[in-house]
């Protein structure tokens, strides 16, 4: 059966708007971006899980219970949206709902949301410098969604709208290792 793309877009937008409304009520607007992305990653890393959630022969209650088990500790609004998608066999729309939700949040906040990963928490001065620089570069107000990941060793990683700038020490070391191992020294072969 052909899919009406316009109808799907509207359905995705409706899910995103419902989530945004609930997130605003619970003051979780920014946090729900992370949770929605984590849910998407968790579901997409297992083809068995995806297949189970898309199977029309599986009971909606079973799908809902599984989502609640997997997403323990997530906000009620994120659980509700992901569970509803699973119950209706529409879990494949979750990625599009994530994007639509981010767009809706940016519109409401009148700012671009930028994910920043650092090895240690940002101090207030560095946060302001980063916001100022990113605002100038992007031409919009910026809201930071901060994550701490000690494995990057130092520096930072900036993600926004599918673009990534990786200035982490780990990436620099990896690149240096690649360069050093790819050149011969002119010695014996």
Worksheet, complete the sentence: The strands (runs of 3 or more DSSP E) lying entirely within the stretch 98-179 that contain at least 2 residues which are free of Cβ contacts under 8 Å to residues at least 40 places away in the same chain and not assigned by TED's automatic domain parsing to the domain that holds residue 38 are 142-148, 163-168
Item to complete: Exactly one condition in (1) loosely packed, with under 15 Cβ neighbours inside 10 Å; (2) modelled with pLDDT under 90; (3) part of a helix (DSSP H, G or I) is not met by residue 14; state its number.
Response: (2)
Worksheet entry | Residues (surrounded by fewer than 18 Cβ atoms within 10 Å (Cβ to Cβ) and closer than 15 Å to residue 41 by Cα) located in the stretch 71-82 | 72
Discussion item. Need the failing condition index for residue 125 against (1) in contact with a strand residue (DSSP E or B) (Cβ under 7 Å, 6 or more places away or on another chain); (2) modelled with pLDDT of 90 or more, just the number.
Written reply: (1)
Item to complete: Using the structure shown, decide if residue 51 is modelled with pLDDT under 90, out of contact with any helix residue (DSSP H, G or I) (no Cβ under 9 Å at 6 or more places or on another chain), under 18 Å from residue 21 (Cα atoms) and surrounded by fewer than 17 Cβ atoms within 10 Å (Cβ to Cβ).
Response: no
Item to complete: Output yes when any residue across the stretch 131-142 is touching a helix residue (DSSP H, G or I) at 6+ places or on another chain (Cβ under 8 Å), farther than 23 Å from residue 31 by Cβ and surrounded by 12 or more Cβ atoms within 10 Å (Cβ to Cβ), and no when none is.
Response: no
Worksheet item: Regarding residue 34, is this residue in contact with a strand residue (DSSP E or B) (Cβ under 8 Å, 6 or more places away or on another chain), in the same structural domain as residue 17 (by TED's automatic domain parsing) and in a helix (DSSP H, G or I)?
Response: yes
Item to complete: For residue 45, state whether it is in the same structural domain as residue 97 (by TED's automatic domain parsing), within 17 Å of the chain's Cα centre (by Cα) and over 26 Å from residue 107 (Cβ atoms).
Response: yes
Worksheet, complete the sentence: For residue 168, the lone unmet condition from (1) under 24 Å from residue 24 (Cβ atoms); (2) surrounded by 12 or more Cβ atoms within 10 Å (Cβ to Cβ); (3) at pLDDT below 90 is (1)
Worksheet entry | Cβ pairs under 6 Å, 6+ apart, first in the stretch 76-95 and part of a loop (DSSP other than H, G, I, E, B), second surrounded by fewer than 18 Cβ atoms within 10 Å (Cβ to Cβ) | 89/54; 89/56
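The values are calculated or read from the model by the stated rules, or taken from the named source; none is laboratory data. Because the structure is predicted, anything quoted here is derived from the model rather than measured. So basically every Cβ, Gly included, is an ideal-geometry build from the backbone, and we count neighbours across all protein chains shown.
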